[in-house]
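This report refers to the structure that appears directly beneath it.
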Amino acid sequence: EQYAYNDKIITSLFTACFYMLVSIVDSYTQEQPAELGSRSRELLQQFTLMLGQECGSERSVEYYARRLNITPKYLSIICRKYMNRNASKVIDEAVVRKAKQMLMQPGLSIAEVSEQLNFVSQSFFGKYFKQRVGVSPSRYKIWNGRTDEHIDNATDIMDAIVGEQQLEQQDNQQ
């Protein structure tokens, strides 16, 4: 009677050891990504295609990782390996590139660009854009896509100032 439950105890101990071993192996494989080979290149290609289509509506690494059925950490590892930037930086660059293209369209206002790129507000879009590009969206639009780095002579500066004054006059008339 003293040893009646020994079989159950031994079985439970082996089961517990098995699950502990599986847990250790699982955590090790998540921390150490597999060799970055053709599968990772395929994931990167899918990511860049998806990003080109959806960067106007989605800006989170988690979203793209979930769509690719991988972890955000692994997506960043792939991006860093092949593009020398983490995934969030790649996403930011795609959003900024799309914003620049949209700002250069004559019939599209900054508010419309902000809305189409799924920003919470025009103000947040302005801060996001200026932080990454170095100039505000309105200044970028006025300067026809040129930033401070590109405006290097007096004629360009005068054209930019005149453009700003014209924009202010239009705003005042509305």
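A few remarks follow.
- Here's the list of lysines a cross-link from Lys141 could span, going by alpha-carbon distance under 25 Å and ignoring same-chain residues fewer than 8 apart: Lys89, Lys98, Lys100, Lys127, Lys130.
- Segments 92-98, 106-112, 57-63 sorted - mean Cβ within 10 Å per residue, highest first: 92-98, 57-63, 106-112
- ³J(HN,Hα), Karplus 6.51/-1.76/1.60, whole Hz, each residue of segment 60-71, x for Gly, Pro: 9, 4, 4, 4, 5, 5, 4, 5, 8, 6, 9, 7
- Accessible surface of segment 35-127 [probe 1.4 Å, protein heavy atoms]: carbon and sulfur percent: 48 percent
- Coupling constants for segment 115-122 follow from the phi torsions by the Karplus curve (6.51 cos²θ - 1.76 cosθ + 1.60, θ = phi - 60°), and in residue order they are 5, 5, 8, 6, 8, 5, 8, 5 Hz; glycine and proline get x.
The values are calculated or read from the model by the stated rules, or taken from the named source; none is laboratory data. All values derive from a computational prediction rather than experimental measurement. Every residue, glycine as well, gets a Cβ built from its backbone with ideal geometry; the counts of neighbours run over all protein chains shown. Just the protein is used for accessible areas: all its heavy atoms, side chains included, with ligands, DNA and RNA removed. Shrake-Rupley method; radii C 1.70, N 1.55, O 1.52, S 1.80 Å.
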